[in-house]
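Read through the structure below, which is laid out as structure tokens, and then see the notes.
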């Protein structure tokens with residue numbers, strides 16, 4: 001969850017006026033401050049390769065009638081290493097103002113840039129610039145920056161190795177783990193990002209970029225609810241709370257792995273008791289798993305045992321929600337939502353998005369015991 005005051009949390013339940021603050025950067029140098037934003041949308045998706053992206057239209061009027069439309073590699077808003085830092089200013093009435101850090105993004109494309117001109121004393125003068133930007137978080141840099149040759153890890157622990165191969169600031173969000181023996185980084189397009197994903201998996205989660213632009217890991221573990229989302233006049237929640245399906249409820253897990261010397265390792269776990277026993281009327285519903293970081297029989301068995309406990313005990317279903325904007329919540333947060341009929345639903349945010357308006361859309365994973 002992004003930092004915010006208790007007062008802001010209370011204010012978010014009523015009418016607010018959000019304003020996006022855009023600062024441009026080239027490396028550590030701030031090149032422009034508080035650029036005007038006319039139309040923008042940001043999306044966070046924990047299941048996507050690049051976890052956060054968006055579009056933004058900058059409107060700029062220069063006191064000296066200069067254009068801001070990029071034309072050269074090193075121009076302020078060109079898509080060649082330039083970045084923008086985004087903050088959301090929340091205003092309520094005339095007395096309350098608070099700013100929330102949303103993210104630090106690479107500019108990856110400028111799909112449209114145009115200037116408005118007028119004639120002044122026989123000269124053409126730029127009245128203003130309107131530039132549309134495509135934004136992606138800093139994981140896009142790891143996707144583009146591959147390994148030159150196939151290589152092995154250097155550091156012995158995952159966080160140290162993540163710091164080495166990413167070149168990014170690290171926020172260690174979960175307990176450190178040893179780097180698995182036999183892990184190899186491949187010299188392919190996106191290979192460095194794949195290596196980061198592999199190490200994050202060992203740590204028990206997925207890589208993501210924090211609002212401040214650091215590399216961290218979003219844990220697979222569900223925590224306690226951290227926020228309550230509020231439905232507005234246009235807010236809706238659609239769910240399938242009374243449905244059941246068996247497709248995702250497995251009672252047998254088969255794992256295929258390899259040791260360091262490429263010897264096959266086989267492990268299996270199954271339910272032998274209860275209504276979902278493999279010998280009962282439900283039959284067998286088998287899930288096949290593999291993981292390059294598993295290299296011993298002991299780890300293989302522990303992996304399939306843990307997977308079986310997860311896929312046989314609970315059913316997860318997806319719930320789309322539209323509610324009043326809450327810029328403090330992030331993917332991975334457990335939140336509560338009051339349904340229109342008064343019942344409260346609790347789920348984990350899988351993706352969310354919001355833009356210039358007062359509403360936000362998100363999807364929750366909700367667990368139901370089988």
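Taken together, the values in this text are just the output of simple stated rules run on the coordinates, not laboratory data. Keep in mind the model is a prediction, meaning the values are calculated, not measured. Counting neighbours? That spans all protein chains shown, and the Cβs are built from the backbone with ideal geometry, glycine included.
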Extension reserve of the residue 306-residue 17 stretch, reckoned as 0.36 nm per residue once the Cα distance is removed = 99.4 nm
message = Using only the alpha-carbon atoms, how far is helix 191-202 inclined from the longest principal axis of the chain? Give it as 0 to 90 degrees, nearest 10.
response = 50
request  = Could you tell me whether the chain comes out rounded, prolate or oblate from its Cα gyration tensor? Rule is a ≥ b ≥ c as square roots of the eigenvalues, rounded for a/c under 1.5, then prolate if a/b exceeds b/c, otherwise oblate.
outcome  = oblate
note = Out of 249, 154, 100, a Gaussian network model of the chain with alpha-carbon springs under 10 Å gives the largest mean-square fluctuation to 154
inquiry  = Just the number: Rg to Rh for the stretch 213-348, Cα atoms, Kirkwood Rh, two decimals.
reply    = 1.09
request  = Kindly state, to the nearest 0.05, the FRET efficiency for residue 261 paired with residue 236, given R0 = 41 Å and r defined as their beta-carbon distance.
outcome  = 0.15
message = Report for the chain the percent antiparallel among DSSP-assigned beta bridges with both residues inside it, nearest 5.
response = 90
query = Under 14 Å from the 7 Å Cα→Cβ point of residue 316, by amide nitrogen: which residues of the stretch 248-263?
reply = 248-250
query = Using the alpha-carbon atoms, what tilt in degrees (0 to 90, nearest 10) does helix 297-313 show relative to the longest principal axis of the chain?
reply = 70
query = If each of residue 175 and residue 346 carries a label point 7 Å out from its Cα toward its Cβ, how far apart are those two points in nm?
reply = 2.3
ask   = When the helices in the chain are scored as -39500 (n - 2.57) per DSSP H run of 4 or longer and the sum is shared across all residues, what 222 nm value do you end up with, to the nearest 500 deg cm²/dmol?
value = -4000 deg cm²/dmol
query = Tell me, in nm to one decimal, what length is gained between residue 282 and residue 353 on full extension, where the rule is 0.36 nm per residue of separation less the Cα-Cα distance?
reply = 21.6 nm
query = Taking the chain as a Gaussian network, Cα atoms linked when under 10 Å apart, which of 298, 144, 163 shows the biggest mean-square fluctuation?
reply = 298
ask   = Computed on alpha carbon atoms, what radius of gyration and Dmax characterise the stretch 82-200, expressed in Å?
value = 22.0, 73
task = Please give the residues of the stretch 326-352, grouped as numeric ranges, whose backbone N is less than 20 Å from a label point set 7 Å along the Cα-to-Cβ vector of residue 89.
result = 326-328
query = Just 248, 36, 355 to compare: in a GNM of the chain, with alpha carbon springs under 10 Å, which one fluctuates most?
reply = 248
